[in-house]
Each structure stands twice: as structure tokens, then as C-alpha cells.
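Here's the structure, in C-alpha cells; my notes come after.
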Amino acid sequence: MKSRGKYFLWFICIVITGLSTQTYCQEFSSDKDILREIVIPAPSLSNNIFSIPAEQKISVCVPPFYSITEIRYPVLYFLTDYSEEPFVYTGGMFQSLKIQTSLKDMVTNKTINPMIIVIISGNNFLGSGFYVNSATGGNWEDFIINDVVKYIDNKFRTITESKSRGIAGITAGGFGALNIAMKHPDVFGSVYALSPNLFDKNGLANSQMFSENLRIEKFLRCEKEASELAKDQAHTKFTNFCDNSSDEDFLYLLAYGEAFAPNTQKNAPYIDFPYAKSSAKANLNKDIWKKWEDGFGNWDEKVKSFKDNFLKLKGIYIECGLKEDVKWIIDGCKYLNKLFTAENIPIKFVTFEGKHQDALRERIEKFMLTYFSTIFSSN
């Protein structure tokens, strides 16, 4: 009754002043009103070997009228790409996209229904923790499930049911969204992955991490040098190297290894590496290679193991560009679509002309936000 009363008072004010609903939204719902940039406690990230901060920045976008009503809203959680901060999506970095403004305008124009949007970064000094739990890089999956969702439900007026929570992300965040939804359908009821990091059966070998001997040689050289130092010296040297390195592909390899093949018993970089020699990629350790494949790959096993969880989701949406810069991404997306189809798991798989950052604003506004508005409103 209280929320109805507030709506009535709001309606009377509009009638008296002669303002339209659209004018009200534009004049009284500034970015300051609808965008909250917050540092939240992240206890799930404490006690990792790299001292990832146990406080993290997130951005929260609330719909117009949030401050004058008592309505509860569904929530979309959006995971950023490798090395991206939430500001990328609120500060106009892609095609002038400011997701808080998109939310305000689309709700005002009744293009979508009101929702709360939470933007999260899995960023660390290596570039990303890929939103998984790691003994070295931190428990990012737990951070999402135990820290962020609980904080948002406690501090904002949310609908606290999985069917009213969706998770989405782009590239590294797209993988993170799929992986978390796969494991936690009790928390998130739908998922949308934009150009997600996915491997088909040859994806790991074709990736920038192992497609050239040069990076294998570089890792083995770093590992050998570190093994000859005291553990604390190796740790300091490694973190200094990562802080000052400009070799993005090598940093990506290190970040991936920390996420999916960590070994705290070793000296830094604390990674189980699948090769012992770089010459012709000799001495492959198949067990360790499987650890690396289990990151973005092995979807044939995952789809079968988590089939019941996937079937609990109300919606699974995967999209990628046909001119994708990274070929293993589109190969992985097509492969996962085939696996879902073979197991009769409903999926919406869409391709579009362009690379994964092309027309990103259009993909987010016209497709992602519209998709979740439909999912949430049909609950």
C-alpha cells in the first residue's frame, strides 16, 4: 500500500505541474540519482597468495523513480571483460555507451521494464581472475555469489529469487557468466554471454597462449629463474615483473594459469605448466593439459555433468560476431551451441556481422537489456 501511495502522490505532482512522465524522468533522474559507484566488502577474496584486496569496486544502476518508491526490482549482474573496470560501461568508452543512461531512457520510453543493473570487474594485477575460485588469484566465483549478491539484496530493494536475477558478461565476463550460471541456477535464473571465452576441442592449442613456442619458452625461462630463488624473492620478482610487463598475451597466459592450474607449493608464478620443454612443444603432461582445457573448454563433459542445472535456467543466450578478432571464440561458441542442441537444452544462439566490440552499445541495449526485460517480466 505504501508504494501505491507514493505512486499516487507522484502522479498528482505531475498533473499539478503539467510535467509528462518522460519529462519527469529526464529532469529528476540524473546520472547521479541512478548510478551508484560503491566499494563493498569482499571477504571471499581474502587470504589469497597475491593479497587481492578484500574490498572491491562495483557500479549499481537503479531505474528511474527508485528513490521515490518502495518497489522491489529484478537485478541484472554484468561481468566485464579481461582488465576492464565498471567505468568502461558507465563512462561512454564504447560508442558513447553509458549503461545507466540507457537504462533510464529505455525505462522512460517503455522499451524495457525497470530493473537494477550491477556491473562487476574480476580485475587483478594480471588482468583478470576469470570469475573462478583460485588458491592464488582469489575466490572470484564466491565473491559474486556470497559477497556481491548478498550485499545488493541487503542494500537495495531487490526481488530475492533466482528467476528475478540474471547474469551476463562479455568475453572473459561472458565465460564467467556461463560458468557461474551453470553451477548456481539457484542464484541466477538466466544468462546472456556476449562473445564469451569458450574453447572447442582444439581451442586451447589454437589460443594465443600455446599457438607459438615463443610464449612457452618465455614461461619455462621465468619458471626456471624463479625456482633458483628463495620463495619470497621469487614472489617479489614475479609481482614486479607483472606490474611492469607490456606483453599482454604473456600476462594473459599467466592470468589463465593462476585461475585454472594454480599450485601454491611451487615458487612464483605458482602454476602447473603443461610443458617441460619448449622445443617442438615436447614433454606434454596430459594431466596438467587437461587442467588448462577445463578452464574455457571441456564443454562436452560440462554440458553432460551440469545438464540438470542448465535445464533449470529460464534462458540461455549466447552471441558472437562473425568477424570476431579471436577465431577460437567463435569456434567455441558454435561448438557449445551444438552440444546444447544435442542434449536438448534450450539455447538462443545468435551471430552478427562484426567483431565482439563492434556495435557493442546496440548489442547491450537492443538485445541484452531487452532480453532480460522479457525474461524478468514473464516470471
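The values are calculated or read from the model by the stated rules, or taken from the named source; none is laboratory data. Note that the structure is a prediction, hence the values are computed from the model and not measured. FYI the Cβ positions are ideal-geometry reconstructions off the backbone, even for glycines, and counts take in every protein chain you see.
Whether any residue in region 207-216 is farther than 17 Å from Asn283 by Cα and of a type in the set (Lys, Arg) is what I want to check. Within region 207-216, none of the residues are farther than 17 Å from Asn283 by Cα and of a type in the set (Lys, Arg).
Report, by residue number, each residue of region 186-199 that is in a loop (DSSP other than H, G, I, E, B) and either among the aliphatic types (A, V, I, L, M) or within 22 Å of Asn309 (Cβ to Cβ) (or both). Quick ask: steps written out before the conclusion?
Initially, region 186-199 is screened for residues in a loop (DSSP other than H, G, I, E, B), giving 186-189, 195-199.
Result: Asp186, Val187, Phe188, Gly189, Pro196, Asn197, Leu198, Phe199.
Would you confirm, using the coordinates I've provided, whether Ser96 is of a type in the set (Gly, Ala, Ser), assigned by TED's automatic domain parsing to the domain that holds His356 and out of contact with any Asp or Glu (no Cβ under 8 Å at 6 or more places or on another chain)? So Ser96 fits the description; yes. Looking only at residues in region 309-332 that are among the small types (Gly, Ala, Ser) and not in a helix (DSSP H, G or I), the one that is surrounded by the most Cβ atoms within 10 Å (Cβ to Cβ) is Gly321.
Number of residues in region 67-87 that are out of contact with any Gly (no Cβ under 7 Å at 6 or more places or on another chain), part of a loop (DSSP other than H, G, I, E, B) and crowded, with 20+ Cβ neighbours inside 10 Å: the value is 3.
So, of the residues in region 253-297 that are among the acidic types (Asp, Glu) and touching a residue at least 60 places away in the same chain (Cβ under 8 Å), which turns out to be surrounded by the most Cβ atoms within 10 Å (Cβ to Cβ)? Walk me through how you get there before you give the answer.
Start the filter on region 253-297 by keeping residues that are among the acidic types (Asp, Glu), which leaves 258, 272, 287, 293-294.
Checking which are touching a residue at least 60 places away in the same chain (Cβ under 8 Å) leaves us with 258, 293.
Working: Glu258: 28, Glu293: 20.
Among those residues, the one meeting the criterion is Glu258.
Those helices (runs of 4 or more DSSP H) of region 200-251 in which 2 or more residues are more than 30 Å from Val303 (Cβ to Cβ) occupy 213-227, 231-244.
Comparison of Thr111, Thr90 shows that the only residue that is β-branched (Val, Ile, Thr) and surrounded by fewer than 20 Cβ atoms within 10 Å (Cβ to Cβ) is Thr111. Checking region 142-161 against the condition returns no match, with no residue being out of contact with any His (no Cβ under 6 Å at 6 or more places or on another chain), buried (at least 18 other Cβ atoms within 10 Å of the Cβ) and modelled with pLDDT under 95.
Looking for something assigned by TED's automatic domain parsing to the domain that holds Ala54, β-branched (Val, Ile, Thr) and farther than 20 Å from Ile38 by Cα - is there at least one such residue anywhere in region 137-158? No, region 137-158 contains no residue that is assigned by TED's automatic domain parsing to the domain that holds Ala54, β-branched (Val, Ile, Thr) and farther than 20 Å from Ile38 by Cα.
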